[in-house]
């Protein structure tokens, strides 16, 4: 009985070692799979997308081959970074970031941190050898008109263990729900007691399509002063 116990223990140890070896890291054999990859969506109103590498570690706007590439944190072009251009005003607006990502070994301890314009927005989630879309909330005040830099730091707790692939990224703006009064004035500036003046305000905010607009509005009825 004692010998049988020893044999079973050794077998268990061997199986444990094999199981751990299987999850010790990516060996490059899964460098790319088109199975399950989501085609880049067609952006709608208030959505801005890139599936092209357009940034490097130096921040000079030159592609360095880190997008749609199976990348480790030991790769010379790590981290993954790319710009998403937003050509409209984003004042006071939040949004979401969507990315199609591959081979995120989250259950095995892979942690890939995601930043938008230097603001941490979350970690990638997924499964070994599987493509999947991740969505992150972007709080108000983070986005800006023009280039918005997305950065992914791969496998932050290890060195050269886990790799991933980022195929595309898209920022969707939330619809603005408030307007800002940029300036206001009255006309005429002088009036006799009991008379009326018109109140005007230049406001910026959403139009009926949810995009930013600027307009001048007036109080048609006017306002009285006693």
Q) How big is segment 128-170 on each of its three principal axes, counting only the C-alpha atoms and giving the largest first in Å? A) 36, 22, 17
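State, as an integer percentage, the relative contact order of segment 93-146 based on alpha-carbon contacts under 8 Å between residues 6 or more apart.
Computed value for segment 93-146: 49 percent relative contact order.
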Q.
How much length would be gained if the chain were fully extended between residue 70 and residue 157, taking 0.36 nm per residue of separation minus their Cα-Cα distance, in nm to one decimal?
A. 29.5 nm
Q: Report, in cubic angstrom per residue, the convex hull volume of the C-alpha atoms of segment 80-147.
A: 81 Å³
Q. Label point 7 Å out from residue 57 along Cα-to-Cβ: which residues of segment 80-102 have amide N under 20 Å?
A. 80-83
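Can you give the alpha-carbon Rg of segment 27-173 over 2.2 N^0.38 Å, where N counts its residues?
0.99
No value in this document is a laboratory result; all are computed from the given coordinates. Quick caveat: nothing in here was measured; it's all calculated off a predicted structure. Note that we place each Cβ from the backbone using ideal geometry, even for glycine, and neighbour counts take in every protein chain shown.
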